[in-house]
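One structure below.
The values are calculated or read from the model by the stated rules, or taken from the named source; none is laboratory data. Given the structure is predicted, the values throughout are model-derived calculations rather than measurements. Cβ coordinates were reconstructed from backbone atoms using ideal geometry, including for glycine residues, and neighbour counts include every protein chain displayed. Side chains are part of the model used for accessible areas, which takes the heavy atoms of the whole protein and leaves out ligands, DNA and RNA. Shrake-Rupley method; radii C 1.70, N 1.55, O 1.52, S 1.80 Å.
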Amino acid sequence: PESEARPPPSPSHAPLRGRIVPSDEIRFVDVPIVTPAGDLLINNISFSVRRGMNVFIIGPNGCGKSSLFRILGELWPLLGGELHKPPPHEIFYIPQRPYFPEGSLRDQIIYPDTEEECYQKGCTDWELEELFGMVRLKYLLNRCPYGWDTWNDWDERLSGGEKQRLAMA
C-alpha cells in the first residue's frame, strides 16, 4: 500500500557527495574511501599534510593507500567529508603506476575530462601537442595513424618511460 512507511535508503544507495575546499594544505576530514565498484576500504579518514612535510603511507595491499591519491587527484569521486587541497596548478601527482583509460591518445592526456568537456574549457589539440613536447612525447603523434584520435591499448603499447611521461602530461 502507498501509505506504508519505507526505511530510508541504505548508505550504499544514498547519493553522497563530499566537499572540496581550496586550501594551502592537504586535509582529509571524515572522508570515506570507496572504490568505483562500491567497496568500502576505509569508513572515514582524517589527516592533514602541510607544505614541506614528508609523509610515508604504509599498509597491506588493497587497504586504500593508492585510493587516497585517486580521490585527492579527483579521479575517484569524493563521497563524503571534506577534502582541503591546493589548486591544481600548485600540486603535482606522480603515480606509482599510471592509469590509462580505454580510449584515444587524446583521452589519455585529458582524463578524467571527456573530449567535449576539454573543448568546453578551451583546450585545443595544439595545447595538447605543446604538453607532449614538454614531456618529450611529440613523436608519438607520428606513430599514431589517426593522430589524437588513434585508439589503442596504451598500457600495452607504450614503454615504461613513455607511460611515466604521458602520466605527467
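Applying the condition of being in contact with a Leu (Cβ under 7 Å, 6 or more places away or on another chain) and open to solvent by less than 20 Å² (accessible area, probe 1.4 Å) to region 58-71 and asking which residue is nearest to ILE26 (Cα to Cα) yields ILE71. Give me a count of the residues in region 40-54 that are touching an Asp or Glu at 6+ places or on another chain (Cβ under 7 Å) and either part of a loop (DSSP other than H, G, I, E, B) or over 15 Å from ILE20 (Cα atoms) (or both). Summing the residues that are touching an Asp or Glu at 6+ places or on another chain (Cβ under 7 Å) and either part of a loop (DSSP other than H, G, I, E, B) or over 15 Å from ILE20 (Cα atoms) (or both) in region 40-54 gives 4. Taking the listed residues VAL34, VAL49, the one that is of a type in the set (Val, Ile, Thr), touching a Ser or Thr at 6+ places or on another chain (Cβ under 9 Å) and at pLDDT 90 or above is VAL34, with no other qualifying.
Taking the criterion of being more than 21 Å from the chain's Cα centre (by Cα) and surrounded by fewer than 15 Cβ atoms within 10 Å (Cβ to Cβ), the residues of region 148-169 that qualify are ASP149, SER159.
Would region 149-164 turn up any residue that is touching a Phe, Trp or Tyr at 6+ places or on another chain (Cβ under 7 Å) and either among the aliphatic types (A, V, I, L, M) or closer than 27 Å to ILE58 by Cα (or both)? Yes, the conditions are met somewhere in region 149-164.
Please indicate, with yes or no, whether at least one residue in region 49-57 is closer than 12 Å to GLU82 by Cβ and open to solvent by less than 80 Å² (accessible area, probe 1.4 Å). Let's see the steps before the verdict.
Taking region 49-57 first, the residues closer than 12 Å to GLU82 by Cβ are none.
Taking every residue of region 49-57 in turn, none turns out to be closer than 12 Å to GLU82 by Cβ and open to solvent by less than 80 Å² (accessible area, probe 1.4 Å).
Within the option set TYR119, TYR99, TYR93, being open to solvent by 30 Å² or more (accessible area, probe 1.4 Å) and either without any contact (Cβ under 8 Å) to a residue 24 or more places away in the chain or in contact with a strand residue (DSSP E or B) (Cβ under 8 Å, 6 or more places away or on another chain) (or both) holds for one residue only, TYR119. Going by what's in this entry, would CYS144 be described as closer than 20 Å to GLY73 by Cα and either more than 21 Å from the chain's Cα centre (by Cα) or surrounded by 11 or more Cβ atoms within 10 Å (Cβ to Cβ) (or both)? Taking the combined requirement at face value, the residue does not satisfy it.
For region 22-36, residues that are assigned to a strand (DSSP E or B) and closer than 18 Å to GLU90 by Cα total 4. Residues that are of a type in the set (D, E, K, R) and closer than 16 Å to LYS163 by Cα were ranked within region 106-116; the one that is surrounded by the fewest Cβ atoms within 10 Å (Cβ to Cβ) is ARG106.
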